[in-house]
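Here the structure comes first, spelled out in structure tokens, and everything after it is commentary.
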There are 2 protein chains.
Amino acid sequence: MDKLNLGATIPAYPMPVSLVGAQVDGKPNFLAVAWFSMVTYKPPRIAIALGKGHHTNPGIKKNQAFSLCLPSEDMVEVTDYCGIVSGKKSDKSKLFNIFYGELPAAPMIGECPLSMECRLVDTVATGLNEIFIGEIAGVYTEEQYLTDGHLDFEKMKPLILSQPDTAYWGLGKPLAKAWSVGKKIKAKS
Amino acid sequence: MDKLNLGATIPAYPMPVSLVGAQVDGKPNFLAVAWFSMVTYKPPRIAIALGKGHHTNPGIKKNQAFSLCLPSEDMVEVTDYCGIVSGKKSDKSKLFNIFYGELPAAPMIGECPLSMECRLVDTVATGLNEIFIGEIAGVYTEEQYLTDGHLDFEKMKPLILSQPDTAYWGLGKPLAKAWSVGKKIKAKS
């Protein structure tokens with residue numbers, strides 16, 4: 001166990017990548033964001049961490065709303081485009097079939113297998129970024145992505161991003177049941 | 001595009017799962033946590049969202065430190081065990097070869113291909129959870145997980161968890177280069 005210390009750095013590990021939607025200067029805009037996490041079940045909330053300079057941030061603050069849309073593998077080109085081109089320079093509102101739920105300032109992407117619309121409930125500044133905590137008002141999918149009424153991630157084909165090696169990945173194969181496979185160790189202990 | 005609204009709920013999408021280490025009641029303890037994200041590069045910080053009732057939380061607050069260790073696919077049983085058994089009931093300090101970097105209250109797991117030690121810099125209460133924001137003091141890996149000096153996630157084999165279907169997954173295949181594949185659209189626009 002010879003460990004190497006890479007130092008005080010960000011090991012931007014493979015994480016699912018999302019397209020964050022917001023209404024900015026009167027237009028829907030979408031930004032590729034891999035830095036997000038669920039943060040609480042009750043009420044249902046999700047957090048996203050964005051660099052302060054993004055075109056998206058003032059739109060989220062002004063309208064107190066954003067969306068988080070999960071693209072599939074076959075959306076890799078357009079997702080990457082939304083990460084490399086700023087809404088300051090390019091109109092990204094025509095890239096997708098946009099739909100709305102309850103919140104008029106949370107544009108969502110029809111092509112994404114899973115989308116959620118969020119009301120901004122908290123903003124936390126940290127380093128060069130801002131964390132936006134959103135309360136989920138609605139989660140949208142389609143019948144084709146469900147199996148027996150449940151979200152089926154093999155059908156959704158999430159897109160995963162690792163940053164040190166600048167690579168997009170697919171989701172692999174199911175390995176084991178969660179809250180279950182560890183019971184073998186529990187039985188022995 | 002017939003969208004179904006699943007309502008105001010948490011679509012706990014496939015996310016990498018970590019083992020969060022903390023010193024609790026004088027002993028190292030490890031909790032399985034999939035709700036984490038990088039939050040800023042400068043300074044390097046990561047956030048984890050934990051239910052308020054976990055055994056781990058008071059240890060993080062008291063010692064102002066925690067670790068985040070990324071298990072590989074072959075650690076699926078022990079990772080799951082650390083999610084289903086509380087440190088209140090079971091001593092999890094003997095499950096792993098523990099090592100330390102700079103922070104004496106951030107126990108790390110030798111078996112994990114990637115681990116980071118963090119100083120607590122902020123705590124944000126949200127719903128039933130607490131978000132701990134940690135500044136990364138060190139990132140630890142081994143030569144066997146590097147290719148040409150860079151983190152190689154195909155060698156690390158990250159473990160991914162989706163919650164609605166209680167499934168662990170492996171990472172799939174690389175699909176495309178990030179900050180690159182989207183240039184095809186940029187060239188056309």
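The values are calculated or read from the model by the stated rules, or taken from the named source; none is laboratory data. Since we're looking at a predicted model, the values are computed, not measured. Every residue, glycine as well, gets a Cβ built from its backbone with ideal geometry; the counts of neighbours run over all protein chains shown. Just so you know, the surface numbers come from the protein's heavy atoms only, side chains and all, with ligands and any DNA or RNA stripped out. Shrake-Rupley method; radii C 1.70, N 1.55, O 1.52, S 1.80 Å.
Summary table below
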| quantity | calculated |
| --- | --- |
| Filter pass, residue A:163 being surrounded by fewer than 22 Cβ atoms within 10 Å (Cβ to Cβ) and within 30 Å of residue B:7 (Cβ to Cβ) | no |
| Matching residues in segment B:1-21 - criterion: being part of a strand (DSSP E or B) and more than 7 Å from chain A (Cβ to nearest Cβ) | B:18, B:19, B:20, B:21 |
| Leading residue by the ranking (farthest from residue A:176 (Cα to Cα)) among those in segment B:153-189 that are aromatic (Phe, Trp, Tyr) and in contact (Cβ under 8 Å) with a residue 60 or more places away in the chain | B:169 |
| Selection status of residue A:181, part of a strand (DSSP E or B), within 8 Å of chain B (Cβ to nearest Cβ) and among the hydrophobic types (A, V, I, L, M, F, W, C) | no |
| Breaking point among (1) buried (at least 16 other Cβ atoms within 10 Å of the Cβ); (2) modelled with pLDDT under 95, for residue B:172 | (2) |
| Residue that is most open to solvent (accessible area, probe 1.4 Å) [pool: residues in segment B:56-110 that are out of contact with any Leu (no Cβ under 9 Å at 6 or more places or on another chain), modelled with pLDDT under 95 and more than 7 Å from chain A (Cβ to nearest Cβ)] | B:89 |
| Residue check, residue A:117 more than 7 Å from chain B (Cβ to nearest Cβ), out of contact with any His (no Cβ under 6 Å at 6 or more places or on another chain), charged (D, E, K, R) and open to solvent by less than 10 Å² (accessible area, probe 1.4 Å) | yes |
| Counted residues, segment B:22-53 - those being closer than 23 Å to residue A:14 by Cβ and not in a strand (DSSP E or B) | 6 |
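Yes or no, residue by residue, for (1) in contact with a Phe, Trp or Tyr (Cβ under 6 Å, 6 or more places away or on another chain); (2) not small (Gly, Ala, Ser):
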site: B:2; (1), (2): no, yes
site: B:12; (1), (2): no, no
site: B:17; (1), (2): no, yes
site: B:21; (1), (2): yes, no
site: B:34; (1), (2): no, no
site: B:38; (1), (2): yes, yes
site: B:47; (1), (2): no, no
site: B:50; (1), (2): no, yes
site: B:53; (1), (2): no, no
